[in-house]
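Here's the structure, in structure tokens; my notes come after.
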Amino acid sequence: MSVPRKKICMLAATPLTIHFFLKPHLVQLAKNHDVTLMVNLKNDSYLPPLELPITIIDIEISRKIAPISDLLCLMKLVYLFRKTKYDLLITVVPKAGLLGMLAGRVARIPQRLHIFQGEVWAHLEGFPRMLLKTCDSITAALATDVLAVSASERNFLIQQRVVNPLQIKVLGSGSIGGVDLTRFSSNPKRREEIRVELAIPTDAIVMIFMGRLVADKGIHELITAHHQLSQEHQNLWLLLVGPDEEGDIIMTEPNKWHQHVRRVPFTQEPESYLAASDFLCLPSHREGFGVVIIEAAAMGLPTIGSNIYGISDAVINNKTGLLFQSGSVEELKASIKSLLIDSDLRKILGANARNYVEQNYDSKKVLENYIGYIENLLHPMNNIRFRLNRFFDFCSALLAIIFLLPLILFTYLLVRFTSRGPVIYWSKRVGINNQIFWMPKFRSMKADAPVVASHLLQNPNALLTPVGSFIRKTSLDELPQLWCILIGDMSLVGPRPALFNQEDLIALRTQFGIERLKPGLTGWAQVNGRDNLDNVKKVDFDYQYLKQKSLGFDLKILWLTFLKVVRSDGVSH
């Protein structure tokens, strides 16, 4: 019996968003569902036709605030949504999100997904910030499901109280489309051809900017930095690739334009211009996730980026690129000069960037994550086991907190009065889909202990607090993690959450698909060795659990955990 086709509508203000990020998603979804794209085709008219196997409806929706046209657009959306009765609405970009979610709620579309891709108001102040932030809050409140394209963006939206922490998710390591590792790879032949075409010398060091030429992308700071540095370094060239949405950039910066600048208004071959370059510069004031950064990284190029959410996810400072203070021309100049004069540094950072992208942002894996997530929204019956597990976890954690409250208070006082420092130690851990979360434990080590896995310490016993060994052997230090289970970051049973810097363990788990499991308070590896297992054996047990996961298996692990705690088995210190 075949699965019935569902009706999906995606709403966007501009075809640019679809063209660069979402075409593969729409093509894949159209194989099993009836897909409609509503978009203002008059925006970005320089783009080629989308040529997608779906229904495309041209709708008057603008990026900027326009009360009358926005109201008319809202009314039309309500009419179209009610007429077709979609099963799922997906919105991207702020204006489409607000109008789409309002109309979708009125039309009673059962599943409404909004994808945050960077907040316009992030660098604003006063009334404009409050207004736009409120619009995003309304969008999130009206959506049934919310995604962010990076972990740092998710954290920012939560900190700003725009969205409920339990509602917003990040798929995998982030990004909305990932990068095609075959298409974006080093190409010496195209490098030479593009340089000849643009009359750029072969020995020039080319800094590329790729994206919309607008103020909030830091374009004015970039031109200023290049203008000042090029007076001293004649081999520094700037390549600007993207549409100028604020008027002719040459006219707005007439005194800073230099002969060593080249412009390409639009291209369907970004990889060719990246091949002709030596490093990428993205001095944005706001960014949901720097897709061009991972495209450049796949080409073996390091990136200079502003140290803001959305960029800091894609650039590891001093490993895959350099981060600088957003808006600081002096820091930007210093970063550019570092890569300009040090070819070895460019090569090292570029090689690291390629490796990082291969591990985290392969477009096939990213697309698989999105399609799988959307299919679960469309077929909620497939998610019954997950919902039952979540209900079981929540109830169990709540009951455990109530019954163990005296023991929790006893442990709190024990730690509080036997050593200096905070009672609760919060560590950055890797959760489901490799998403970072903060995990609490009663502190068992001294406050100045290194932030590494305890089995890697040379003399861990010397770093224990007076009661550290006792609360570790009795697992009392783990009790605060009941909070993580309560809010949904962890489960009762699952792979133990890795520290954010346990790269080998994270990579192994990702290789075997274990990152799809929610981390647990205890797990199959825990009852088979705990601290005595190396990473390969841990992952082997984690993989066994992935294949055998069931309620019965979970209950068995919980019983074995109880026995292990009573006997203090598997704790090395």
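The values are calculated or read from the model by the stated rules, or taken from the named source; none is laboratory data. Predicted model, so just to flag it, every value in this text is computed and none were measured. Using ideal geometry, Cβ is built from the backbone for each residue, glycine included, and neighbour counts are taken over all protein chains shown.
Among what's in the range 384-408 and is closer than 26 Å to Gly513 by Cα and exposed (fewer than 14 other Cβ atoms within 10 Å of the Cβ), pick the residue that is modelled with the lowest pLDDT. Explain how you work it out, then say what you get.
In the first step, residues of the range 384-408 are kept if they are closer than 26 Å to Gly513 by Cα; the result is 384-394.
Then keep just the ones that are exposed (fewer than 14 other Cβ atoms within 10 Å of the Cβ); that gives 384-388, 391.
Numbers: Ile384: 65, Arg385: 69, Phe386: 72, Arg387: 75, Leu388: 82, Phe391: 89.
In this case the residue turns out to be Ile384.
In the range 42-58, which residues are modelled with pLDDT of 90 or more, part of a loop (DSSP other than H, G, I, E, B) and hydrophobic (A, V, I, L, M, F, W, C)?
Leu52, Ile54
Specify which of the listed residues (Ile138, Ile61, Ile65, Ile115) is outside any helix (DSSP H, G or I) and at pLDDT 95 or above. Reasoning before the result, please.
Values: Ile138 fails: outside any helix (DSSP H, G or I); Ile61 fails: at pLDDT 95 or above; Ile65 fails: at pLDDT 95 or above.
Checking each option against the conditions leaves just Ile115.
May I ask you to list the residues in the range 314-327 that are out of contact with any Asp or Glu (no Cβ under 7 Å at 6 or more places or on another chain), more than 11 Å from Tyr356 (Cα to Cα) and either assigned to a loop (DSSP other than H, G, I, E, B) or modelled with pLDDT under 90 (or both)?
Answer for the range 314-327, where residues must be out of contact with any Asp or Glu (no Cβ under 7 Å at 6 or more places or on another chain), more than 11 Å from Tyr356 (Cα to Cα) and either assigned to a loop (DSSP other than H, G, I, E, B) or modelled with pLDDT under 90 (or both): Asn318, Ser326.
Looking at this structure, is Glu119 acidic (Asp, Glu), exposed (fewer than 15 other Cβ atoms within 10 Å of the Cβ) and assigned by TED's automatic domain parsing to the domain that holds Val163?
Numbers: acidic (Asp, Glu): yes; exposed (fewer than 15 other Cβ atoms within 10 Å of the Cβ): no; assigned by TED's automatic domain parsing to the domain that holds Val163: yes.
In short, no.
Looking at Leu339, Leu345, Leu349 in this structure, which one is in contact with a Lys or Arg (Cβ under 6 Å, 6 or more places away or on another chain), assigned to a helix (DSSP H, G or I) and assigned by TED's automatic domain parsing to the domain that holds Trp237?
Details: Leu345 fails: in contact with a Lys or Arg (Cβ under 6 Å, 6 or more places away or on another chain); Leu349 fails: in contact with a Lys or Arg (Cβ under 6 Å, 6 or more places away or on another chain).
Exactly one of Leu339, Leu345, Leu349 is in contact with a Lys or Arg (Cβ under 6 Å, 6 or more places away or on another chain), assigned to a helix (DSSP H, G or I) and assigned by TED's automatic domain parsing to the domain that holds Trp237, namely Leu339.
So Ile316 ticks every box in (1) under 21 Å from Gly242 (Cβ atoms); (2) among the hydrophobic types (A, V, I, L, M, F, W, C); (3) within 16 Å of the chain's Cα centre (by Cα) but one. Which box is left unticked?
Single failed check for Ile316: (1).
Which number in (1) surrounded by fewer than 21 Cβ atoms within 10 Å (Cβ to Cβ); (2) modelled with pLDDT under 90 marks the one condition that Tyr309 misses?
(1)
With respect to Leu345, is the statement that it is crowded, with 21+ Cβ neighbours inside 10 Å and either of a type in the set (A, V, I, L, M) or within 25 Å of Glu503 (Cα to Cα) (or both) true? Let's see the steps before the verdict.
Working: crowded, with 21+ Cβ neighbours inside 10 Å: no; either of a type in the set (A, V, I, L, M) or within 25 Å of Glu503 (Cα to Cα) (or both): yes.
It is false that Leu345 is crowded, with 21+ Cβ neighbours inside 10 Å and either of a type in the set (A, V, I, L, M) or within 25 Å of Glu503 (Cα to Cα) (or both).
With the structure loaded, tell me whether Lys518 is buried (at least 22 other Cβ atoms within 10 Å of the Cβ) and within 28 Å of the chain's Cα centre (by Cα) or whether it fails that test.
When the stated conditions are applied, Lys518 passes them.
Name the residues in the range 151-194 that are touching a Lys or Arg at 6+ places or on another chain (Cβ under 8 Å) and in a helix (DSSP H, G or I), would you?
The one that is touching a Lys or Arg at 6+ places or on another chain (Cβ under 8 Å) and in a helix (DSSP H, G or I): Arg154.
Take the residues in the range 60-111 that are hydroxyl-bearing (Ser, Thr, Tyr) and in contact (Cβ under 8 Å) with a residue 12 or more places away in the chain, then tell me which one is surrounded by the most Cβ atoms within 10 Å (Cβ to Cβ).
Initial filter on the range 60-111 (hydroxyl-bearing (Ser, Thr, Tyr)): 62, 69, 79, 84, 86, 91.
Within this subset, residues satisfying the condition of being in contact (Cβ under 8 Å) with a residue 12 or more places away in the chain are 62, 84, 86, 91.
Numbers: Ser62: 15, Thr84: 16, Tyr86: 24, Thr91: 27.
The extreme case among them is Thr91.
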